[in-house]
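Colleague: Just passing along the structure, written as structure tokens.
The values are calculated or read from the model by the stated rules, or taken from the named source; none is laboratory data. None of these values were measured; they are calculated from a predicted model. Using ideal geometry, Cβ is built from the backbone for each residue, glycine included, and neighbour counts are taken over all protein chains shown. All accessible areas refer to the heavy atoms of the entire protein, side chains included, with ligands and DNA or RNA removed. Shrake-Rupley method; radii C 1.70, N 1.55, O 1.52, S 1.80 Å.
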Amino acid sequence: MTQNRELAVVTGASSGIGFELARQLAGRGFDLIVNSADGERLRSAAEEIGRESGACVQAVRADLRSYDEAERFVGAVTSCGRPVAVAALNAGVGEGGAFLDTDLEDEFEIVDLNVRSTVHLAKRLLRSMAAAGAGRMLITSSIASTMPGSFHAVYNASKSFLQSFSQALQNELKDTPLTVTALMPGPTDTDFFRRADMEDTKVGSGEKDDPAQVAEQGLDALFAGKDKVVAGSLKTRAQGMADKILPDSLTAEGHRRMAEPGSGE
């Protein structure tokens, strides 16, 4: 890696919002260490970003649901011997369906990737940033964090955790050179809904935001030092404002209409 570019780390970077975060960080002058559990897609993404930007992009395949794999990824980051200027903790997974019908192992995967791995990497990377005297962290939460997730119960709860977690860290670090920003996208045009088995839902089959727009707004907020940003279309941002004032009973019912299996048919 070159020494004249700062270093950024992006997880969940093989596609979707994570790919766009990595691509745009490279365009903003950063070298990259990118991660995904899908090694083939990750290598392809890293090569594309490198060709497009001229950045050095190192791909590290690791399944962050595993403690040992997360530690191995942190080791790969520290072994390059360069301080991490930006960390975008974006890796996440969802599972649609009624809670009584979904598999317990699938729910645990959501908790392990969305929650445990984010806490794990934040602990390691923020301490390194503090030792270096500077750093910015972007945590991909979701507009889902603002509402009870009927037929998406564990996923929404995991994003509520990340939202609270990121805002608490932002407050703890307010008098330091470190910042933490929560990125809150709405429904975005990625592989998420296919992987979550939600293509037959109203939200899965409906109009979605551009991941490039979401990533750009997230990075703009990160570099402006903002604590959070609802990113995407005007419709998504209006939904974020409405969710602040509506009671949970109404937002839960609204989520049900969007996420209940078969609602998109």
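Colleague: Which of GLU71, GLU52, GLU20 ends up with the largest GNM mean-square fluctuation for the chain, with Cα atoms connected below 10 Å?
Modeller: GLU52
Colleague: Hey, another quick one. On average, how much accessible surface per residue is there in the chain, in Å², for a 1.4 Å probe, leaving out ligands, DNA and RNA?
Modeller: For the chain, the solvent-accessible area averages 46 Å² per residue.
Colleague: In straight Cα distance, which aspartates and glutamates are under 16 Å from LYS228, not counting same-chain residues fewer than 8 positions off?
Modeller: Reachable aspartates and glutamates: GLU172, GLU216, ASP220, ASP243.
Colleague: Mind checking the dipole of the chain: about its Cα centre, +1 per Lys or Arg Cβ, -1 per Asp or Glu Cβ, Debye to the nearest 20?
Modeller: My answer is approximately 1160 debye.
Colleague: Quick one: Kirkwood hydrodynamic radius for region 1-153, alpha-carbon pairs, angstrom, one decimal?
Modeller: That comes to 16.0 Å for region 1-153.
Colleague: Connecting C-alpha atoms closer than 10 Å in a GNM of the chain, tell me which of GLY204, GLY96, GLY29 has the biggest fluctuation.
Modeller: With Cα springs under 10 Å in the chain, the top fluctuation among GLY204, GLY96, GLY29 is at GLY29.
Colleague: What is the dipole size for region 116-238, taken about its Cα centre, with +1 at each Lys and Arg Cβ and -1 at each Asp and Glu Cβ, in debye to the nearest 20? Let's see the in-between values first.
Modeller: Details: 15 positive and 13 negative charges, 98 e Å.
Its charge dipole is roughly 460 debye.
Colleague: Of the accessible area of the chain, with the probe set at 1.4 angstrom, what percent is carbon plus sulfur? Can you show the working numbers first?
Modeller: On the way: 6100 of 12310 Å².
The C+S portion of the solvent-accessible surface of the chain is 50 percent.
Colleague: I'd like to know which of LEU42, ALA153, ASN4 lies farthest towards the positive end of the charge dipole of the chain, counting +1 on Cβ of Lys and Arg and -1 on Cβ of Asp and Glu.
Modeller: ASN4
Colleague: Separate question: Report, in debye and to the nearest 20, how large the dipole of region 1-150 comes out about its Cα centre when Lys and Arg carry +1 and Asp and Glu carry -1 on their Cβ. The partial results should precede the final answer.
Modeller: Working: 15 positive and 20 negative charges, 209 e Å.
Result for region 1-150 is approximately 1000 debye, rounded to the nearest 20.
Colleague: Also, I was wondering about something else. Given springs between every Cα pair under 10 Å in a Gaussian network model of the chain, which of ASN171, ASN156, ASN35 has the largest fluctuation?
Modeller: Among ASN171, ASN156, ASN35, the largest GNM mean-square fluctuation belongs to ASN171.
Colleague: Checking the cross-link filter: which lysines have an alpha carbon closer than 23 Å to that of LYS226, excluding same-chain neighbours under 8 positions apart?
Modeller: LYS123, LYS159, LYS174, LYS235, LYS244
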